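Chemist: Take this structure first; my questions come after.
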Amino acid sequence: MVKKLYVGNFLSLKELEIRPNLNNVLVGPNTCGKSNLLRVFQFLRDTALHGLNRAFTDRLGYAEVAWKGKDPGPIHIILEVEVNKNSGGPARAEYEVQINGTPQGL
């Protein structure tokens with residue numbers, strides 16, 4: 001279960017931290033970032049399965065994935081998860097990705 005997600009400079013998400021519960025609903029007006037929040041998970045999956053270069057290539061490059069505001073900085077994602085172990089209590093893991101790039105690429 002996802003315990004915390006921090007996203008910085010990814011698509012339309014300049015800076016976001018959420019601590020979801022067991023059941024969650026994304027609600028908001030058009031273009032507020034709901035789909036981009038889900039795209040973070042797709043990006044992490046693709047990075048784990050196919051590597052960072054392909055994850056960016058499939059999305060037309062770093063410039064299309066990075067936040068496009070003034071002085072965007074690196075893409076930064078922190079994912080904290082909790083899983084139940086068979087031998088006892090829950091185990092926590094934290095994954096952190098920080099990617100520095102330019103419009104020309106990584």
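Chemist: Mind checking which residues of the stretch 46-92 are out of contact with any strand residue (DSSP E or B) (no Cβ under 6 Å at 6 or more places or on another chain), open to solvent by 30 Å² or more (accessible area, probe 1.4 Å) and either assigned to a helix (DSSP H, G or I) or hydrophobic (A, V, I, L, M, F, W, C) (or both)?
Modeler: Those that are out of contact with any strand residue (DSSP E or B) (no Cβ under 6 Å at 6 or more places or on another chain), open to solvent by 30 Å² or more (accessible area, probe 1.4 Å) and either assigned to a helix (DSSP H, G or I) or hydrophobic (A, V, I, L, M, F, W, C) (or both): THR47, ALA48, LEU49, HIS50, LEU52, ASN53, ARG54, THR57, LEU60, ALA63, GLU64.
Chemist: Just to be sure I understand the filter: pairs with C-beta atoms under 7 Å, separated by 6 or more residues or on different chains, first member in the stretch 34-46 and among the acidic types (Asp, Glu), second member in a helix (DSSP H, G or I) and open to solvent by less than 70 Å² (accessible area, probe 1.4 Å). Which pairs pass?
Modeler: Listed by first residue and then by second, the contacts come to ASP46/ALA55.
Chemist: Separate question: Restricting to the stretch 50-64, name every residue that is closer than 15 Å to ASN9 by Cβ and touching a helix residue (DSSP H, G or I) at 6+ places or on another chain (Cβ under 6 Å).
Modeler: PHE56, ARG59, TYR62
Chemist: Quick check on the stretch 76-97. Is at least one of its residues acidic (Asp, Glu) and under 11 Å from the mean Cα position of the chain (by Cα)?
Modeler: Yes, because at least one residue in the stretch 76-97 is acidic (Asp, Glu) and under 11 Å from the mean Cα position of the chain (by Cα).
Chemist: So the check is Cβ under 9 Å with 6+ separation or different chains; which pairs have a first residue in the stretch 1-27 that's part of a loop (DSSP other than H, G, I, E, B) and a second one that's open to solvent by 90 Å² or more (accessible area, probe 1.4 Å) and of a type in the set (Ser, Thr, Tyr)?
Modeler: Close Cβ pairs satisfying both conditions: SER12/THR31.
Chemist: Using the structure shown, decide if ASN36 is open to solvent by 40 Å² or more (accessible area, probe 1.4 Å) and not charged (D, E, K, R).
Modeler: no
Chemist: Given the criterion under 13 Å from the mean Cα position of the chain (by Cα) and within 15 Å of GLY101 (Cβ to Cβ), identify the matching residue among ASN9, ASN36.
Modeler: After ruling out the rest, the residue left standing is ASN9.
The values are calculated or read from the model by the stated rules, or taken from the named source; none is laboratory data. These figures come from a predicted structure and were not determined experimentally. Counting neighbours? That spans all protein chains shown, and the Cβs are built from the backbone with ideal geometry, glycine included. All accessible areas refer to the heavy atoms of the entire protein, side chains included, with ligands and DNA or RNA removed. Shrake-Rupley method; radii C 1.70, N 1.55, O 1.52, S 1.80 Å.
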